Amino acid sequence: MLFVKYGSKNLILHYFILPPVIKNSFKKQERLTGNKNFEKLLSEGQRVYLFPFTIYWTHFPDKKPPVRIAISIPKRKFKRAPARNLLKRRVRESYRANKHELNTLLEDRNLQLHILLVYVSDEIIEVEIINRKIIEVLNHLTKTFSK
């Protein structure tokens, strides 16, 4: 509390210390691009299946940013581009909002993680379910690297 004298009246001002603001951004540097990266990821990386995703991942020592990610929605399952774009937006937004725990862990361990999320379901899944599944994926990776 802070006391302030205002004329003949005493005012009491309350103030709160806010935690630091976490920026929920998904910058261009965080996107996984390049044929060499994908070839290395698919040939040497590990694979995990957590419905509706198959996750390919591999890690490297001390590079920035801590996580680089690519999202794949197969044309074989969704012929129309608007459906693929909708799913990519949903997955990207869910990842963007929930990535911080994994990022801080990898920064502390001086690692960079390359992730490829391949959507394997035949149906367009609701945002809430995709969000829950992305959280499961990120928790799985966090547990893997916290050992």
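Conditions (1) farther than 27 Å from GLU123 by Cα; (2) more than 12 Å from the chain's Cα centre (by Cα), marked per residue:
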position	(1), (2)
LEU42	no, yes
PHE53	no, yes
VAL67	yes, no
SER72	no, yes
ARG84	no, yes
VAL91	no, no
ASN103	yes, no
LEU106	yes, yes
Restricting region 1-44 to residues that are part of a loop (DSSP other than H, G, I, E, B) and either under 14 Å from ALA70 (Cα atoms) or acidic (Asp, Glu) (or both), the residue that is modelled with the lowest pLDDT: PHE26
First in region 101-119 and in contact (Cβ under 8 Å) with a residue 24 or more places away in the chain and within 20 Å of LEU41 (Cα to Cα), second anywhere and assigned to a strand (DSSP E or B) and of a type in the set (Gly, Ala, Ser), Cβ under 7 Å, 6 or more apart: LEU116/ALA70; LEU116/SER72; LEU117/SER72; VAL118/SER72; TYR119/SER72
Region 136-146, residues that are within 11 Å of the chain's Cα centre (by Cα) and without any contact (Cβ under 8 Å) to a residue 40 or more places away in the chain: ASN139
Residue match in region 81-89 (condition: surrounded by 15 or more Cβ atoms within 10 Å (Cβ to Cβ), basic (Lys, Arg), in contact (Cβ under 8 Å) with a residue 40 or more places away in the chain and not in a loop (DSSP other than H, G, I, E, B)): no
Qualifying residue in region 61-74 (condition: without any contact (Cβ under 8 Å) to a residue 40 or more places away in the chain, surrounded by fewer than 13 Cβ atoms within 10 Å (Cβ to Cβ) and of a type in the set (D, E, K, R)): no
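The values are calculated or read from the model by the stated rules, or taken from the named source; none is laboratory data. Note that the structure is a prediction, hence the values are computed from the model and not measured. Neighbour counts run over all protein chains shown; Cβ positions are idealised from the backbone, glycine included.
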